[in-house]
Amino acid sequence: DETRWEKAALAPWERLAPAPRLDSLSEAPDGTVWGLSSSALYAFSGEPIPQKWTAQALTGGYASLKWLEAGIPGEVWFGTYNSQLYRFAKDATEAFDKPDSADLTAIGHWQNQLLAAYGKRLYIWNTRLGLFQVLKEFPEEVTALHNQTSAELWVGAKHHLYRYDSKQWQQIWQ
């Protein structure tokens, strides 16, 4: 059988005028899909028209938005091209200090905690203590994060792929 691709129905998206260039997408536990353009944060839910927050209102000053993570209940985290990190919750934005001098290279979540990669170091946000802690340092810059299940975390670091199961790190390829 030959696979055929068909155009997906994009009715809710086509109502955006003009349509933004979305650089990042992330789904929240409640099913809302969050989208990030360089100048705004969007929430696409069952509503016909998405909610929109401008970068200026979000960050208190213009900064080009880049990274997005919405997988933690009640929180949307996003970063900027200058590696500043923010949390958007209850319609308010809070800025967080960089834990590292390296640039922010990826954000994700694992077990309801934020993950932020700054260069070769992968940090996890400790909600109880209100600070970032190093989860692991890799030989190369971390470029991608994905959690398969609440127990399994995948980390891409340039030419390497790692899997973590809460107990040990396993290198999948190099």
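The values are calculated or read from the model by the stated rules, or taken from the named source; none is laboratory data. Being a predicted model, the structure only gives us computed values, none of them experimental. FYI the Cβ positions are ideal-geometry reconstructions off the backbone, even for glycines, and counts take in every protein chain you see. Areas reflect the complete protein model, heavy atoms only, side chains present, ligands, DNA and RNA absent. Shrake-Rupley method; radii C 1.70, N 1.55, O 1.52, S 1.80 Å.
Worth pointing out:
- Hey, Gln168 more than 14 Å from Trp77 (Cβ to Cβ), open to solvent by 20 Å² or more (accessible area, probe 1.4 Å) and at pLDDT 90 or above or not: yes
- Selection within the range 138-160: residues that are open to solvent by less than 30 Å² (accessible area, probe 1.4 Å) and in contact with a Phe, Trp or Tyr (Cβ under 6 Å, 6 or more places away or on another chain). The member of this set that is farthest from Ser83 (Cα to Cα) is Leu153.
- Residue check, Leu65 within 16 Å of the chain's Cα centre (by Cα), closer than 24 Å to Leu153 by Cα and buried (at least 17 other Cβ atoms within 10 Å of the Cβ): no
- Residue ID - most open to solvent (accessible area, probe 1.4 Å), chosen from residues in the range 82-137 that are of a type in the set (S, T, N, Q), under 23 Å from Tyr164 (Cβ atoms) and within 14 Å of the chain's Cα centre (by Cα): Asn112
- Yes/no for Gly74 being surrounded by fewer than 19 Cβ atoms within 10 Å (Cβ to Cβ) and on the phi > 0 side of the Ramachandran plot: yes
- Within the range 68-113, considering residues that are acidic (Asp, Glu) and part of a strand (DSSP E or B), the one modelled with the lowest pLDDT: Glu94
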